[in-house]
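Below you'll find the structure, written out as structure tokens, and then a few comments.
The values are calculated or read from the model by the stated rules, or taken from the named source; none is laboratory data. Small disclaimer: the values here were computed from a predicted structure and weren't measured. Methodologically, a virtual Cβ is constructed for each residue, glycine included, from the backbone with ideal geometry; neighbour enumeration extends over all protein chains shown.
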Amino acid sequence: SCLRGLDAAPGPAGGERERRLRRDLAHFSAIAAVVAAGAGIPFSTRLTARAGILALPSLGALHTARSGDVPVDVTCTEGRLVLRQADAPDVTVHLESGVGAWSGALAWTPAHALPGLTPTAPPLPLDDLDPYRELPDGPGHGDLRTPLALDDAERKRWLQAWSGTALALRAGGAQRLAEAGALLRCLVPLETPPDVGTGRGSCSATRREAFGALLSSTPPDPVTLAATLVHELQHAKLAALSDLVTLHRAGPAARYFAPWRADPRPYDGLLQGTYSHLALAAFHQRRALVGGLPDRDWAWAQHARYRAQVGAALPALVGSPDLTVRGRRFVDEMAATHERMAEHPAPRGHVARAQAYVAAARTLWTRRHASALPPSNG
């Protein structure tokens, strides 16, 4: 956000936007200090704690004695940082390999990480400290909750779910585990919405401007977390691809039916959602085909629903005149992938219930948004 601010039209000198931009740009000094410390370069510098917190990415955060923006002098020598502020004891932070840094001071909160997804993978940051994990106006994803500061109990729940995620991903296809290992760089905890309940529900998101970071509420179990990774990494991949090539020239008008949403979607939103749901359909189908899976029936039900939802959305995507040549090839391959899933169909009962679910969703959506429904969307 601060880099975008450099391109914005200049505002009044000393105005709120200028103050926010200066504070945001000051965070780059903290990043530079972390890089220098990690490289073993001795230095002394002055940083600024934002709203009483000096966040040092991948190391931790200092809670200052005073609120507001507080200057903090930082010295790095021989594998340790000394953080000095007015009217407070010095805080000595001992650097460690990987994520996190240790200090005996109560004012210091170390960064936390989950074990590597595979035995050879590096630890994965579980970031509940960085001030830029939340944009000024909140997550910006509708019903998602704000980023969450974890306590020990929440961290334990994350670790319990994470410990079985690699196995759950592998059951859904070896490429799922490889993909998560290659693309995932950071997990950002979110508050759990009150309407999620106690089952396998969760909320999650990705940001185009933070490739490799994934926001998620505390996952109830490894399979849910694995499915979240599959879902959100699809969004990240498609966002990256869309930055490289033009797939379509459709406008932003929200007028398409998506069975997983109550509101009309723009073409790009429909493409994103269909792509991620297609991956979920494939993920659960692969899991359902694994012999002896305890929740095999549930996996079939999930597959049937996601596949039915994708089937309802594909006609609008395939029939669009706004696709480019590359976009046409991309969407046609999505349709072919959807068709190939019929080689291993779900039990008829699950298919019937999934089709009824999508039909009911379409009927309700049409009643609410009849004027928005385009002819190509049925």
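Suppose the filter is out of contact with any Gly (no Cβ under 7 Å at 6 or more places or on another chain), modelled with pLDDT of 95 or more and assigned by TED's automatic domain parsing to the domain that holds THR224; does LEU177 pass it?
Details: out of contact with any Gly (no Cβ under 7 Å at 6 or more places or on another chain): yes; modelled with pLDDT of 95 or more: yes; assigned by TED's automatic domain parsing to the domain that holds THR224: yes.
Judged against the criteria, LEU177 is a match.
Kindly provide the set of residues from region 151-180 that are part of a loop (DSSP other than H, G, I, E, B) and not small (Gly, Ala, Ser), ordered by number.
ASP151
Filter region 81-100 for residues that are more than 17 Å from LEU129 (Cβ to Cβ) and within 32 Å of the chain's Cα centre (by Cα); which is modelled with the lowest pLDDT? Lay out the reasoning, then the answer.
So in region 81-100, the residues more than 17 Å from LEU129 (Cβ to Cβ) come out as 82, 84-90, 92, 94, 97.
Add one more test, that the residue is within 32 Å of the chain's Cα centre (by Cα), and what stays is 94, 97.
On the way: HIS94: 97, SER97: 85.
This residue is SER97.
Within region 303-326, does at least one residue satisfy the condition of being assigned by TED's automatic domain parsing to the domain that holds PHE257, of a type in the set (Asp, Glu) and either modelled with pLDDT under 95 or in a loop (DSSP other than H, G, I, E, B) (or both)? Don't jump to the end; show me each part of the working.
Of region 303-326, the ones assigned by TED's automatic domain parsing to the domain that holds PHE257 are 303-326.
Next, only the ones that are of a type in the set (Asp, Glu) stay: 322.
Adding the requirement that they be either modelled with pLDDT under 95 or in a loop (DSSP other than H, G, I, E, B) (or both) leaves 322.
Yes: one or more hits.
Here is a list: ARG170, ARG157, ARG208. Which entry is surrounded by fewer than 22 Cβ atoms within 10 Å (Cβ to Cβ), more than 16 Å from THR118 (Cβ to Cβ), touching a helix residue (DSSP H, G or I) at 6+ places or on another chain (Cβ under 8 Å) and of a type in the set (Lys, Arg)?
Working: ARG170 fails: more than 16 Å from THR118 (Cβ to Cβ); ARG157 fails: touching a helix residue (DSSP H, G or I) at 6+ places or on another chain (Cβ under 8 Å).
Answer to the selection: ARG208.
Matching residues to (1) more than 25 Å from the chain's Cα centre (by Cα); (2) not hydrophobic (A, V, I, L, M, F, W, C):
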{"site": "ALA36", "(1), (2)": "yes, no"}
{"site": "THR45", "(1), (2)": "yes, yes"}
{"site": "ALA49", "(1), (2)": "yes, no"}
{"site": "ALA61", "(1), (2)": "no, no"}
{"site": "VAL72", "(1), (2)": "yes, no"}
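Output the residue which, of all residues in region 295-352 that are hydrophobic (A, V, I, L, M, F, W, C) and out of contact with any helix residue (DSSP H, G or I) (no Cβ under 7 Å at 6 or more places or on another chain), is farthest from ALA281 (Cα to Cα).
Among those that are hydrophobic (A, V, I, L, M, F, W, C) and out of contact with any helix residue (DSSP H, G or I) (no Cβ under 7 Å at 6 or more places or on another chain), it is VAL325.
Out of all the residues in region 314-323, is one or more surrounded by 12 or more Cβ atoms within 10 Å (Cβ to Cβ), out of contact with any strand residue (DSSP E or B) (no Cβ under 6 Å at 6 or more places or on another chain), under 19 Å from ARG176 (Cβ atoms) and not basic (Lys, Arg)?
No: zero hits.
Output the residues belonging to region 334-378 that are modelled with pLDDT of 95 or more, part of a helix (DSSP H, G or I), of a type outside the set (Gly, Ala, Ser) and surrounded by fewer than 13 Cβ atoms within 10 Å (Cβ to Cβ).
Those that are modelled with pLDDT of 95 or more, part of a helix (DSSP H, G or I), of a type outside the set (Gly, Ala, Ser) and surrounded by fewer than 13 Cβ atoms within 10 Å (Cβ to Cβ): GLU339, ARG340, GLU343, ARG348, THR363, LEU364.
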